[in-house]
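Here's the structure, in structure tokens; my notes come after.
The values are calculated or read from the model by the stated rules, or taken from the named source; none is laboratory data. Remember, it's a predicted structure, so these values are computed and weren't measured experimentally. Positions of Cβ are backbone-derived with ideal geometry, glycine not excepted, and every protein chain shown enters the neighbour counts. What goes into the accessible areas is simple: the full protein's heavy atoms, side chains included, and nothing from ligands, DNA or RNA. Shrake-Rupley method; radii C 1.70, N 1.55, O 1.52, S 1.80 Å.
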Amino acid sequence: MTTGTAETLVTEALRAEATRLLENSEANVVIGYTRAPHLPVAAPVFVRAAKDASKLIFDPTCMGNLAVYLGKPEVRALGRIAIVVKGCDLRALTVLLREHVVARENLYIIGVACPGVGEPLLNKCALCNVQLPQECDIVLGQTDFQPREVQEIAENRLTEIENMSIEERWDFWSKEFEKCIRCYACRQACPLCYCKQCVVEKNKPQWIESSPHLRGNFAWNAIRAFHLTGRCIGCGECERVCPENIPLGLINDKMAALVKAWFNFDSGLSPDERAPFTVWSPDDTDHGIL
């Protein structure tokens with residue numbers, strides 16, 4: 001939020017709404033953010049009793065995408081879920097609805113107006129156009145946020161790579177992927193990586209080598225990007241949690257840009273949307289890539 005007063009008002013409204021939902025049994029659990037002792041960022045919290053609603057907060061430290069928990073069967077088994085979402089989180093939730101991972105009637109969506117999170121502002125926030133979530137059960141707060149000068153920085157990240165020669169790009173990504181330790185933090189933080197068994201864990205056949213070396217690292221990051229093509233909503237969690245600071249968002253941004261250019265499609269804007277790779281039309285073009 002832009003001011004301490006705005007943060008306080010949204011937090012108070014959030015706590016009041018959570019209390020009402022739990023007292024009236026309109027939700028079995030509220031998934032939100034709480035202050036994390038000794039940590040610079042907010043932590044996720046599952047509030048199941050009205051008396052614990054005071055744990056909830058919303059401020060610029062609330063960076064995580066809470067939609068990641070909706071892909072877990074043990075979370076859905078808790079009953080009707082109320083979940084706090086920023087605009088980018090809502091887009092991820094929308095994809096989960098589109099892919100029938102979770103049912104809308106089992107959710108109570110608490111949208112929060114968000115002018116951006118992180119200090120300094122995260123790159124994704126500079127390009128965000130969903131600061132005010134839509135189609136929620138309730139939206140708390142208001143924002144008159146306008147993209148700041150960091151928008152140019154965020155856009156230039158991708159342009160800089162695209163202006164490189166093929167050899168320069170290979171060198172760039174080789175140096176980045178050599179750092180990968182295959183911790184899979186990117187996968188764990190991604191709300192759209194919800195497969196019961198990831199391809200990297202399959203060994204009959206083994207599609208991707210599990211050891212952290214350049215060949216296997218390239219294969220892992222490439223196949224993950226392809227699995228997210230037409231689905232990724234740019235929440236940036238994969239890049240934020242990477243312990244080696246690999247610019248994973250650049251890969252997803254490039255794939256999203258291609259999908260936008262070829263199919264005029266932005267993922268996560270409507271649960272009724274039909275992703276490009278799930279439909280076919282005789283008017284489709286191969287764009288010269290086949």
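Assorted remarks:
- Surface accessible to a 1.4 Å probe, per residue, for the residues of region 1-92, Å²: 43 Å²
- Start at zero, step by 5 Å, and the Cα-Cα distances of region 92-140 spread as 5, 19, 21, 21, 18, 12, 4, 0 percent across the bins.
- When the Cα positions of A42, P60, A82 are compared along the charge dipole of region 31-111, A82 comes out farthest toward the positive end, with charges on each C-beta of Lys, Arg, Asp and Glu.
- Over region 35-128, relative contact order from alpha-carbon pairs under 8 Å, at least 6 apart, %: 27 percent
- For region 1-121, the share of accessible area belonging to carbon and sulfur comes to 54 percent (1.4 Å probe, ligands and nucleic acids excluded).
- DSSP beta bridge pairing in the chain, given as percent antiparallel to the nearest 5: 40 percent
- Computed with the Debye formula from one identical point scatterer per Cα of the chain, without solvent, the log10 of I(q)/I(0) at q = 0.08, 0.14 Å⁻¹ comes to -0.37, -1.11.
- Inter-label distance, nm, simple model (7 Å from Cα along the C-beta direction), L9/T278: 3.8 nm
- In range of the label at A50: residues from region 5-20 whose backbone nitrogen is under 15 Å from the point 7 Å along Cα→Cβ: 15-20
- Dipole magnitude for the chain: computed about the Cα centre from +1 point charges on Lys and Arg Cβ and -1 point charges on Asp and Glu Cβ, it is near 1100 debye.
- Highest-MSF residue in the chain out of Y194, Y184, Y108 [GNM, Cα springs under 10 Å]: Y184
- Using heavy atoms of the protein chains and a probe of 1.4 Å, the accessible area assigned to W173 is about 40 Å².
- Accessible area (Å², per residue) of region 196-290, counting only protein heavy atoms and a probe of 1.4 Å: 61 Å²
- Fluctuation leader among S267, S165, S25 - the chain, Gaussian network, Cα springs under 10 angstrom: S165
- Of the residues A261, A189, P205, the one whose Cα sits farthest towards the positive end of the charge dipole of region 164-290 is P205 (charges of +1 on Lys and Arg Cβ, -1 on Asp and Glu Cβ, taken about the Cα centre).
- Evaluated on region 196-290, the Kirkwood hydrodynamic radius is 15.3 Å, with distances taken between all distinct Cα atoms.
- The accessible surface of region 186-290, taken with every protein chain in place and a 1.4 Å probe, is 54 percent carbon and sulfur.
- Within the chain, helix-based [θ] at 222 nm, where runs of 4 or more DSSP H residues each add -39,500 (n - 2.57), nearest 500: -11000 deg cm²/dmol
- In this entry, region 177-250 is assigned a mean projected area of 4.7 nm², taken as a quarter of its C-alpha convex hull surface.
- Computed from the C-beta positions of E135 and N203 and an R0 of 51 Å, the FRET efficiency is 0.75 to the nearest 0.05.
- D by Stokes-Einstein for region 49-143, Kirkwood Rh over Cα pairs, 4 °C, 1.567 mPa s: 92 µm²/s.
- Residue of T159, T11, T34 that the Gaussian network model of the chain assigns the largest fluctuation, springs spanning Cα pairs under 10 Å: T159
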